[in-house]
Amino acid sequence: MTAAHSGHFADFPASEWSRLARSETPEARREHLERLSRLYWSPIYTYVRRRGFDHDAAKDITQECFLRLCQGEGLPAFDGRSRFRTFLRQIANNVAADYMRKRLSTRRGGRVTFTALQDLDDAAFARLAVHDGSPDDAFDREWARVVAENASTQLLANLTAPRDQRKRKVLEMYLLPRLRLEPNPPTRAQVARQIGCAEDDVQNDLRYLRAMAEPYLRQVVRDTVLSPDEVDAEMREVESKA
């Protein structure tokens, strides 16, 4: 790792990206990329689809982005002067250009597949293909959605007190289906009827849940950046798009 990178990380608690940047072995890089791929595979896939590639090509390009990072390619060039999401989009652009020239699909045999891509069914990929807007905007909105979903899932796991059971149901029945892009999620009125409370109670619980999710959201965001200077700006980005 260069001196510039060392100084950049010196006073910042370790994140997955900083651990990746410091990794000295393929095994260590693989471990951190497995975690990061769960946050970043769908924004990259969505971005590539919005650039006009079909499902198979977008999946290949997404996979190749993580493989190149796993092999240590590209990461030393990141100097922290731009958002890491911007850097990732540039890697995706480079891989897409290579795909057009060399057809990366011919390299599938014997390649490592990241768990985040293995676990998905066709319906999950299809939901990501409906993003509208520019490729950059689609990438940012999908990234914000995934960060919010991860934070909400962590909050759900910690809503264990008896007094929080209604809030837990609201999170499970109303918020998470929307964050997971499930078809036809229930309305607030439908959730209220199923739980047996007033619709105003659901609305109040949603405000409470959004406030309670903030520290979980911040932790997920912190794990996706290389610099402490990025955290607040990325939090605003999530809140404006999720």
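Identify all residues within the range 158-197 that are under 21 Å from residue 142 (Cα atoms) and exposed (fewer than 14 other Cβ atoms within 10 Å of the Cβ); write none if there are none.
182, 183, 184
Contact list please: Cβ distance under 7 Å, first residue in the range 153-170 and farther than 18 Å from residue 192 by Cα, second residue hydroxyl-bearing (Ser, Thr, Tyr) and surrounded by 15 or more Cβ atoms within 10 Å (Cβ to Cβ), pairs at least six apart or on different chains.
154/216; 155/216
Restricting the search to the range 180-203, which residues are part of a helix (DSSP H, G or I) and of a type in the set (Asp, Glu)? It would help to see each step written out before you state the result.
Taking the range 180-203 as the starting set, the residues that turn out to be part of a helix (DSSP H, G or I) are 188-195, 199-203.
Correct list: 199, 200, 201.
Given the criterion closer than 30 Å to residue 58 by Cβ and assigned to a helix (DSSP H, G or I), identify the matching residue among 209, 175.
Details: 209 fails: closer than 30 Å to residue 58 by Cβ.
Sole residue among the options that is closer than 30 Å to residue 58 by Cβ and assigned to a helix (DSSP H, G or I): 175.
So which of 58, 97 is buried (at least 21 other Cβ atoms within 10 Å of the Cβ), farther than 20 Å from residue 223 by Cα and modelled with pLDDT of 85 or more?
On the way: 97 fails: buried (at least 21 other Cβ atoms within 10 Å of the Cβ).
58 is the lone residue from the list that is buried (at least 21 other Cβ atoms within 10 Å of the Cβ), farther than 20 Å from residue 223 by Cα and modelled with pLDDT of 85 or more.
Quick check on the range 198-210. Is at least one of its residues surrounded by 15 or more Cβ atoms within 10 Å (Cβ to Cβ), closer than 16 Å to residue 147 by Cα and modelled with pLDDT of 95 or more?
yes
Quick one: residue 238 ticks every box in (1) touching a residue at least 40 places away in the same chain (Cβ under 8 Å); (2) surrounded by 15 or more Cβ atoms within 10 Å (Cβ to Cβ); (3) in contact with an Asp or Glu (Cβ under 9 Å, 6 or more places away or on another chain) except a single one, so which number is it?
Single failed check for residue 238: (3).
The values are calculated or read from the model by the stated rules, or taken from the named source; none is laboratory data. Note that the structure is a prediction, hence the values are computed from the model and not measured. When we count neighbours, we look across all protein chains shown, and the Cβ atoms used for this are built from the backbone with ideal geometry, even at glycine.
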